[in-house]
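Structure first, then comments.
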Amino acid sequence: MIRCQGLTKVFGSGPAATEALELSGRGVGRTEIQERTGVTLAVHDVSFDVRPGELFVVMGLSGSGKSTLVRLLNRLIEPSGGTIEIDGRALGGLDDAELRELRNRRMSMVFQHFALLPHRTVRQNAEYGLQIRGGAEADRREKGEWALEQVGLADRAEALPGELSGGMQQRVGLARALASDTDVLLMDEPYSALDPLIRRDMQALLLRLQRELNKTVVFITHDLNEAMLLGDRILLLKDGRLVQVGTGPEILAAPADDYVADFVADVDRTRVLTAADVIHQPRLTAHLDDNPADLLRRLGEAESTAAYVLDDEGRVLGVVHDDWLALAQATRTREITRESLTDDYLTTGADRPLIDILQQVGRHPVPLAVVDDERKLLGVVPRAAVLAALATPSRS
Ligand SMILES: Nc1ncnc2c1ncn2[C@@H]1O[C@H](COP(=O)(O)OP(=O)(O)OP(=O)(O)O)[C@@H](O)[C@H]1O
Ligand SMILES: [Mg+2]
């Protein structure tokens, strides 16, 4: 959807800018470049792709170049070097009309400080993007109303922004972006000014909307926990340079350098990692037509006392225990009966965060089962895998 290659922005021009780029190419840091040339290297040689429908987070400390990066993406500013493609079209090659079209119909922005028009109602603010485009009033109305419903503000349509809380105002900003019905949302620290509780609501709202509406979102934040919570993938910027791109769990498992390692040390892993990150192949599974004596022997070899019994589709039917198998062997029972199965196990979905499953891990003779919507067994979560994942990796 979006492809950036070697994206660079120097604030400054002439020989000083050229010198700054040259210094940066040799690995000289931003502060020294600033001292020697007097120009700011805001973004240097940043390359990444954003996939359609992805929630892509750009994370970095203040001054790391995040806002510069989003401004480059919708060409509010021109790059000093590198290229940006949107859907395979070079952004640099667009003429004014095409650029307007891009900003009106392909990308919308949501800002930290809401950028609402204070003397217009919530409804008018939500419709504002469409109004600029010059759409028909009925259509505007319909889309505005739909967008306000999406963000839970349909009943405040006639209020003025000043009458709303910060969180609600940010919802209006989001509604405006949704009403414009663009594929891409660019969000520059939209939640930084909000209280923690409101912020959590807004994060949940964004995750839900992004899933339902399948938007491509570039979300800027300086909060790593927020980045980890929201991002399908995260790009870490430091002093204008890309330090690492990856999923939250990837970055936690293998920080690119000491800087990232320091950064992620404080992240609450139990909220970032999910069952999918600690899933294992079960050592052993059984079927109803398995021979009990046979299965008992395999259980012994696997040093287990119980096993999941699956149907032909791989769905979990229950758990068979070694004591029943021993009895079945003694009485020469040929098959495992349904009545012999216990429900002495727990299941979880693959996307559950560890915080939700910690209490369930290791409480049964069989490890926690990870199942899909049809209860098919995807794998299991052994207790040791969870403990290992929660331990901070040692610095290399
Ligand atoms: N228009 C400008 N002219 C000169 N320097 C600029 C300009 N805009 C940004 N900068 C500088 O570029 C660097 C990156 O700024 P940018 O605003 O992109 O950072 P940021 O990551 O968004 O920071 P914050 O978290 O504070 O919003 C900073 O050193 C900043 O001072
Ligand atoms: Mg910024």
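The values are calculated or read from the model by the stated rules, or taken from the named source; none is laboratory data. The model shown is predicted, which means the values in this text are computed figures rather than measured ones. Note: ideal-geometry Cβ built from the backbone for every residue, glycine included; neighbour counts use all protein chains shown. Surface accessibility is based on the protein's heavy atoms, side chains included, excluding ligands, DNA and RNA. Shrake-Rupley method; radii C 1.70, N 1.55, O 1.52, S 1.80 Å.
Key figures for this structure:
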{"quantity": "Unique match (being open to solvent by 10 Å² or more (accessible area, probe 1.4 Å), in a helix (DSSP H, G or I), of a type in the set (S, T, N, Q) and farther than 24 Å from GLY248 by Cα) among GLN210, GLN170, GLN124", "calculated": "GLN124"}
{"quantity": "VAL217 being of a type outside the set (D, E, K, R), within 22 Å of LEU73 (Cβ to Cβ) and touching a helix residue (DSSP H, G or I) at 6+ places or on another chain (Cβ under 8 Å)", "calculated": "yes"}
{"quantity": "Selected residue [touching a helix residue (DSSP H, G or I) at 6+ places or on another chain (Cβ under 8 Å) and modelled with pLDDT of 90 or more] from LEU160, LEU235, LEU130", "calculated": "LEU160"}
{"quantity": "In the stretch 14-47, residue modelled with the highest pLDDT [restricted to those that are open to solvent by 40 Å² or more (accessible area, probe 1.4 Å) and within 21 Å of VAL70 (Cα to Cα)]", "calculated": "SER47"}
{"quantity": "THR221 being modelled with pLDDT of 90 or more, of a type in the set (Ser, Thr, Tyr) and within 16 Å of ligand 2 (Cβ to nearest atom)", "calculated": "yes"}
{"quantity": "Conditions (1) in contact with a His (Cβ under 7 Å, 6 or more places away or on another chain); (2) exposed (fewer than 15 other Cβ atoms within 10 Å of the Cβ): number failed by ARG100", "calculated": "(1)"}
{"quantity": "Residue in the stretch 11-27 that is within 11 Å of ligand 1 (Cβ to nearest atom) and either touching a Phe, Trp or Tyr at 6+ places or on another chain (Cβ under 7 Å) or β-branched (Val, Ile, Thr) (or both) present", "calculated": "no"}
{"quantity": "Selection count, the stretch 55-83, where residues are open to solvent by less than 20 Å² (accessible area, probe 1.4 Å), within 12 Å of ligand 2 (Cβ to nearest atom) and not polar (S, T, N, Q)", "calculated": "7"}
{"quantity": "Top-ranked residue in the stretch 359-375 [being at pLDDT 90 or above and surrounded by fewer than 15 Cβ atoms within 10 Å (Cβ to Cβ); ranked as nearest to SER304 (Cα to Cα)]", "calculated": "ASP372"}
{"quantity": "Top-ranked residue in the stretch 1-13 [being in a loop (DSSP other than H, G, I, E, B) and surrounded by 15 or more Cβ atoms within 10 Å (Cβ to Cβ); ranked as farthest from ligand 2 (Cβ to nearest atom)]", "calculated": "MET1"}
{"quantity": "Qualifying positions in the stretch 271-302 - at pLDDT below 90 and among the β-branched types (Val, Ile, Thr)", "calculated": "VAL272"}
{"quantity": "Top-ranked residue in the stretch 84-97 [being charged (D, E, K, R) and in contact (Cβ under 8 Å) with a residue 60 or more places away in the chain; ranked as surrounded by the fewest Cβ atoms within 10 Å (Cβ to Cβ)]", "calculated": "ASP87"}
{"quantity": "Residue that is farthest from MET168 (Cα to Cα) [pool: residues in the stretch 206-223 that are touching a strand residue (DSSP E or B) at 6+ places or on another chain (Cβ under 6 Å) and within 16 Å of ligand 1 (Cβ to nearest atom)]", "calculated": "VAL218"}
{"quantity": "Qualifying position, being over 26 Å from GLU374 (Cβ atoms), out of contact with any strand residue (DSSP E or B) (no Cβ under 9 Å at 6 or more places or on another chain) and polar (S, T, N, Q), among THR337, THR333, THR305", "calculated": "THR333"}
{"quantity": "From the options ALA193, ALA179, ALA204, ALA175, residue that is without any contact (Cβ under 8 Å) to a residue 12 or more places away in the chain and either surrounded by fewer than 24 Cβ atoms within 10 Å (Cβ to Cβ) or more than 16 Å from ligand 2 (Cβ to nearest atom) (or both)", "calculated": "ALA204"}
{"quantity": "Any chance VAL110 is touching a helix residue (DSSP H, G or I) at 6+ places or on another chain (Cβ under 7 Å), in the same structural domain as ASP239 (by TED's automatic domain parsing) and either crowded, with 20+ Cβ neighbours inside 10 Å or not aromatic (Phe, Trp, Tyr) (or both)", "calculated": "yes"}
{"quantity": "Flag for VAL260 being assigned to a strand (DSSP E or B) and crowded, with 19+ Cβ neighbours inside 10 Å", "calculated": "no"}
{"quantity": "All positions within the stretch 344-396 that are part of a loop (DSSP other than H, G, I, E, B), of a type in the set (A, V, I, L, M, F, W, C) and closer than 29 Å to ASP258 by Cα", "calculated": "ALA391"}
{"quantity": "Subset of the stretch 38-78 [assigned to a loop (DSSP other than H, G, I, E, B), closer than 22 Å to ARG233 by Cβ and away from ligand 1 (no atom under 12 Å from the Cβ)]", "calculated": "ARG51, PRO52, GLY53, GLU54, ASN74"}
